[in-house]
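Remarks on the structure that follows.
Quick note: the coordinates plus some simple rules give every number you see, no bench work behind them. This is a predicted model, so every value here is computed, not measured. Positions of Cβ are generated from backbone atoms using ideal geometry, with glycine treated the same way; all protein chains shown enter the neighbour counts.
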Amino acid sequence: MKYSIFPLIFSFLISFSTYSQSYSPASGDTSDSPYKTSWLVDGSYLGISLGLNFVGFKLIQDKEALTLQELNDLSKDDVPGIDRFIAGNYSKRADEISYYPFYGSFAVPVVMMIADKNMRSNAGQISVLFLESMATTGAVYTLTAGLIDRPRPLVYNTSLPDEERTEKGAQRSFIAGHTAATASASFFAAKIYNDFYPDSAAKPYVWTAAALVPAYVGYLRSEAGKHFLTDNIVGYMVGAASGILIPELHKKKERDFGVAPAMGVDLRGNEYQGLTLQYSF
């Protein structure tokens, strides 16, 4: 995954967030939204997470390529058994195809915000949450890819040119960035649909689609020789977690206030009747 992809995504989302201010402020507690955001809290979080992304980008840029000696010392036997069957995979076609669901997943939340009246009126708020989800995923991806040296499966393919097997970009197999980003976007879309329409009969289909799209991307990335199975599993989990948890953490808390009759026994054994105030949040 080229390290320039996440900055492009962030630039697009920031632009959309600015544009969508005409529909709804990116902060506040609007009555028709299940979420509550804050300029202070969300602005601080975005600043930190985007800062971590740029730290990760720098680490990726500074990675060193494999030497020919290190390349010659590599053996499929050193790959954990769960991943060994993927070592040596390479498919340019699978690599190219993987970009279609990858980029398409980013369009889904945006299309939902534009097409759906309820979401459109809160587009500024939702786009901020989307940016936070992608920034969270991006921070985990860039930092792990920058700090962990793991050769991609294609590095074990001896039929490929040494130049392609030794380049520094071939040393960041963990975690799977395409899979993580796709999972973040698709699960985010499913989550906001779930929260805006909790009684919808379409929810099982929405969640199923959200789960299948990043799984397909992960399959393609493994076929392309870009990532091992464990790279995709961890990337999938990171993306799904950020796509679901960011909106969940911003949900408005339900508060109930009421009066209910109460009966009991005092310390002397006498029965009494009264009223209780109930408040839950």
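The listed peptides 223-232, 145-154, 70-79, ordered by packing as a protection proxy, come out as 223-232, 145-154, 70-79 (highest mean of other Cβ atoms within 10 Å first). Note on Leu249 and Asp195: the model spin-label points, each 7 Å out from Cα along the C-beta direction, lie 1.2 nm apart. Listed cross-link partners Lys58/Lys251; Lys76/Lys168; Lys58/Lys191; Lys92/Lys203; Lys117/Lys226 are compared with a 28 Å cut-off, the Cα-Cα value being larger for Lys58/Lys251; Lys58/Lys191; Lys92/Lys203; Lys117/Lys226.
So how do Lys168, Lys92 line up by other beta-carbon neighbours within 10 Å, fewest first? Could you put the intermediate results ahead of the total?
On the way: Lys168 14, Lys92 9.
Placing the least packed residue first, the sequence is Lys92, Lys168.
Summing Lys and Arg as +1 and Asp and Glu as -1 over all other residues whose Cβ lies under 15 Å from the Cβ of Pro80 gives a net charge of 0. Expressed as a whole number of Å, what is the distance separating the alpha-carbon centroids of segment 188-255 and segment 109-153? Taking the Cα centre of segment 188-255 as reference, the centre of segment 109-153 is 11 Å away. In this calculation the C-beta distance from Asp32 to Ala107 is compared with R0 = 35 Å, giving a FRET efficiency of 0.90. Gain on full extension, evaluated as 0.36 nm per residue between Lys58 and Arg120 minus their Cα-Cα distance, stands at 18.7 nm. At a Förster distance of 35 Å, what's the computed FRET efficiency of Thr67 paired with Tyr100, Cβ-Cβ distance as r, to 0.05? For R0 = 35 Å, the calculated efficiency reads 0.45. Backbone geometry of segment 204-212 corresponds, through the Karplus equation with coefficients 6.51, -1.76 and 1.60 at θ = phi - 60°, to 3J(HN,Hα) couplings of x, 6, 5, 5, 5, 4, 4, 7, 6 Hz, x marking Gly and Pro.
In a DSSP loop and with at most 16 other Cβ atoms within 10 Å, the chymotrypsin sites (Phe, Trp or Tyr not before Pro) in segment 67-126 are Phe85. In plain terms, if you count all Cα to Cα distances in segment 5-254 and split them into 10 Å steps from zero, the share in each step is 8, 30, 32, 18, 9, 3, 0 percent.
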